[in-house]
Structure formats: C-alpha cells, structure tokens
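The values are calculated or read from the model by the stated rules, or taken from the named source; none is laboratory data. All values derive from a computational prediction rather than experimental measurement. Here Cβ is always computed from backbone atoms with ideal geometry, including for glycine, and neighbour counts include all displayed protein chains. With ligands, DNA and RNA removed, areas are computed over all heavy atoms of the protein, side chains included. Shrake-Rupley method; radii C 1.70, N 1.55, O 1.52, S 1.80 Å.
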Amino acid sequence: MTKTAFVTGATAGIGEATVRTLVASGWRCVATGRRKERLDALVSELGADKVHAACFDVRDSEAMDAAIAALPAEFAGVDLLVNNAGLAQGLSPAQEADLENWQTMIDTNVTAMVVLTRKLLPVLIERKGAVIAIGSVAGNYIYPGGNVYAGSKAFVNHFTLALRADLHGTGVRVTSIEPGMVETEFTLVRTGSQDASDDLYRGVDPMTGQDIADMIKWVAELPPHLNINRLEPMPVNQDFAGFRVARNT
Ligand code: NDP
Ligand code: 8X3
C-alpha cells in the first residue's frame with residue numbers, strides 16, 4: 001500500500017531532497033513551503049499523483065488549517081510527518097542580536113512545528129505512523145552567535161524525544177535527526193550572502209540534503225517494531241570541541 005509523507009520545507013535543501021527520495025521509493029508526498037513555483041516544479045517533475053503542493057507559511061495557523069483541510073483524499077491519510085521547515089537568521093552575539101530575527105526563528109522553528117505536529121497527531125495515531133524531526137547539533141553543542149537558533153533546535157530535539165513518551169503504546173514511531181553542517185540554502189538565508197555561504201562550506205566537504213534525505217528514508221522504512229530515537233550525523237571535518245578561555249590582560 002502506498003504511504004503518504006507530509007514534508008515541511010520542501011522547496012529547498014533537505015526537504016526537497018526528501019520528497020524526491022521518498023517518491024523514488026514509492027511514497028506519496030505532501031510538499032510544503034512558501035515558494036509556490038518551486039512546489040509546482042516538483043509536482044510537474046514527479047507527478048500530481050505522487051506530490052501534492054501545499055503552499056503556506058508555517059507561521060500562519062489558519063493557512064495551515066486550510067492546507068490540511070484541502071488535502072485530496074489520497075494524500076489525507078498521513079503516515080509520516082517530516083518536521084523539517086526551519087531557518088536561522090543572523091550570527092550576532094545575543095547582546096547585539098535583532099529581536100525580529102529571534103521572533104522569526106521561534107515562530108518558525110518552535111511554534112509552527114508544535115502546532116503542525118498537534119494537528120496531525122490524530123491521523124498519525126490512527127495510522128500508526130511516524131514523526132521525524134530535523135533538529136540540529138546546534139541544539140546539543142554551543143557555538144558563538146548560535147543563541148536563539150541553538151535554543152530553538154534544542155527545543156526541536158527535546159520536544160521530539162518527549163513525543164516518544166506521550167505516544168507510548170500507540171505504535172507511532174518518533175525520531176530526532178540532529179545534523180551538523182549540510183550545504184543547502186541554510187547559510188544563504190542565515191547571512192543573506194552567497195559568498196558567506198560559499199566561504200563556510202569551502203574545503204569542509206559538508207553533508208548534502210541528499211545525505212539527510214537518505215537517513216530519513218532509512219528511518220521511515222524500518223520494520224514497525226524498530227524505533228531510532230535520535231541520530232546525530234556530522235561531516236568528518238566538523239567536530240564538537242568548543243571550549244575557549246578569555247584571558248585577563
Ligand atoms: P534550506 O534553507 O535549504 O530550506 C529550508 C526550508 O524551510 C525551505 O523549504 C523553506 O521554504 C522552509 N521554510 C522556512 N521558513 C518557512 C516558513 N515560514 N513557512 C514555510 N516554510 C518555511 O535549509 P535546510 O534544508 O538546510 O534546512 C532544513 C532544516 O534543517 C531546518 O529546520 C534547519 O534548521 C535544519 N538543519 C539544517 C542544517 C544545515 O547545516 N543546513 C543542519 C542542521 C539542521 P520557503 O522559503 O519556500 O518557505
Ligand atoms: C545548522 C548546523 O553546524 O551549521 O543547524 O550550526 S550548524
């Protein structure tokens with residue numbers, strides 16, 4: 001039986017690769033994001049029987065309700081929610097950070113993610129489905145300028161693990177994937193500069209959206225008695241040693 005995945009943030013990076021990968025493996029996907037032309041291109045390429053475009057801003061709860069209500073019957077039985085849409089804005093230290101950027105990250109990465117999850121849990125329970133969330137190493141280890149992005153991703157990691165407890169006995173599987181550096185549009189969005197993005201990834205051999213999509217597919221297609229609680233993939237060239245000292249002069 002064909003299964004249906006609801007993938008947020010499918011217009012770029014990890015989410016777009018996930019839709020392509022799941023469809024190639026026989027899934028149907030609801031692909032979401034704000035850039036309609038990119039969603040339409042995915043539908044044209046992969047087929048309207050395989051991909052349904054749901055164009056909305058995840059921070060708009062009414063638009064989210066309307067998109068869920070408008071799902072065609074064959075896409076409405078959601079078996080897998082991939083909580084992927086998210087962003088970082090800025091790398092300033094907390095004492096200089098832009099409060100609007102902070103609010104955008106909290107609204108997108110935290111509030112929208114929990115609202116969508118709450119709305120889809122009944123169907124996921126009915127179908128003994130799965131939730132896979134894309135948190136981040138930024139939620140596990142600290143780096144300068146991470147501040148609210150790091151906090152929002154710690155929330156994603158921890159909320160996802162907490163779902164495991166509440167869904168105990170339902171058969172719903174829950175996995176937190178917490179990646180390090182993946183070369184996508186993430187750093188372009190964070191900094192507003194393609195040069196800054198190219199500089200960050202130069203020589204690092206970072207992970208790709210496809211690497212993470214392959215993990216999502218692997219987790220999603222495991223036998224139903226198996227649950228991966230968390231995965232923390234990193235490029236070999238990135239690590240988590242970060243202690244510093246400041247010296248009195
Ligand atoms: P991209 O910038 O390439 O993709 C982000 C996706 O999120 C886009 O499809 C974008 O769609 C969507 N999105 C952002 N804001 C909104 C919004 N308000 N409403 C709807 N959709 C939105 O980045 P990645 O693929 O790298 O990021 C995907 C997830 O992975 C994020 O949660 C990120 O925090 C996480 N992550 C990324 C890492 C990395 O190094 N790249 C590492 C660890 C985690 P659109 O703009 O069309 O709305
Ligand atoms: C983003 C991962 O390592 O670029 O979530 O901060 S990293």
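Miscellaneous remarks
- Residue within the range 177-192 that is farther than 24 Å from PRO93 by Cβ, surrounded by 22 or more Cβ atoms within 10 Å (Cβ to Cβ) and more than 11 Å from ligand 1 (Cβ to nearest atom) present: no
- Qualifying helices (runs of 4 or more DSSP H) (wholly inside the range 154-223; at least 2 residues being under 22 Å from LYS119 (Cβ atoms), modelled with pLDDT of 95 or more and aliphatic (A, V, I, L, M)): 209-220
Conditions (1) closer than 25 Å to ARG20 by Cα; (2) open to solvent by 20 Å² or more (accessible area, probe 1.4 Å); (3) more than 16 Å from ligand 2 (Cβ to nearest atom), marked per residue:
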position: ASP57; (1), (2), (3): yes, yes, yes
position: ALA63; (1), (2), (3): yes, yes, yes
position: GLY77; (1), (2), (3): yes, no, yes
position: LEU87; (1), (2), (3): yes, yes, no
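- Scanning the range 95-104 for residues that are open to solvent by less than 50 Å² (accessible area, probe 1.4 Å) and in contact with a helix residue (DSSP H, G or I) (Cβ under 9 Å, 6 or more places away or on another chain) turns up ALA97, ASN101.
- Of all residues in the range 89-147, those satisfying the criterion of being assigned to a loop (DSSP other than H, G, I, E, B) and farther than 26 Å from PRO206 by Cα are ALA97, ASP98, ARG127, LYS128, GLY129.
- Listed by first and then second residue, the pairs with beta-carbon distance under 6 Å, at least 6 apart or on different chains, first residue in the range 169-198 and of a type in the set (Lys, Arg), second within 10 Å of ligand 2 (Cβ to nearest atom), are ARG190/ALA88.
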